[in-house]
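Only one structure is covered here, and it is reproduced in the block below.
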Amino acid sequence: LFRNDLEINSLLLNIIWDSIILYDPSGRLRELFERVKNAVRDKLERYRTRDGKYGWKPRTKEFKAIEV
């Protein structure tokens with residue numbers, strides 16, 4: 001269902017962070033969302049801009065790609 005090389009951009013990360021899954025009989029979407037949230041929880045910080053949009057920034061200066 002999901003590709004192994006799926007790249008999570010900031011828009012998809014916002015969708016994952018704010019979403020509520022209504023129907024997922026296989027549990028694969030829930031599993032993907034949990035993996036993404038656990039991977040970024042300690043590494044990225046969410047911020048809100050003046051115009052109400054959200055963005056993500058690294059918590060530390062030394063930032064590498066996050067494997068999910």
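All of the numbers you see were taken from the coordinates with simple rules; none came from a lab. Because the structure is a prediction, the values reported are computed rather than measured. Here the Cβ positions follow ideal geometry from the backbone for every residue, glycine too, while neighbour counts run over all protein chains shown.
Per-structure values
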| quantity | calculated |
| --- | --- |
| Which listed residue is in contact with a Leu (Cβ under 9 Å, 6 or more places away or on another chain), of a type outside the set (Gly, Ala, Ser) and on the phi < 0 side of the Ramachandran plot, from Ile8, Ile21 | Ile21 |
| Subset of the stretch 47-66 (residues that are of a type outside the set (S, T, N, Q) and in a loop (DSSP other than H, G, I, E, B)) | Arg50, Asp51, Gly52, Lys53, Arg59, Lys61, Glu62, Phe63, Lys64, Ala65, Ile66 |
| Complete set of residues in the stretch 1-46 that are hydrophobic (A, V, I, L, M, F, W, C), in a loop (DSSP other than H, G, I, E, B) and surrounded by 12 or more Cβ atoms within 10 Å (Cβ to Cβ) | Ile8 |
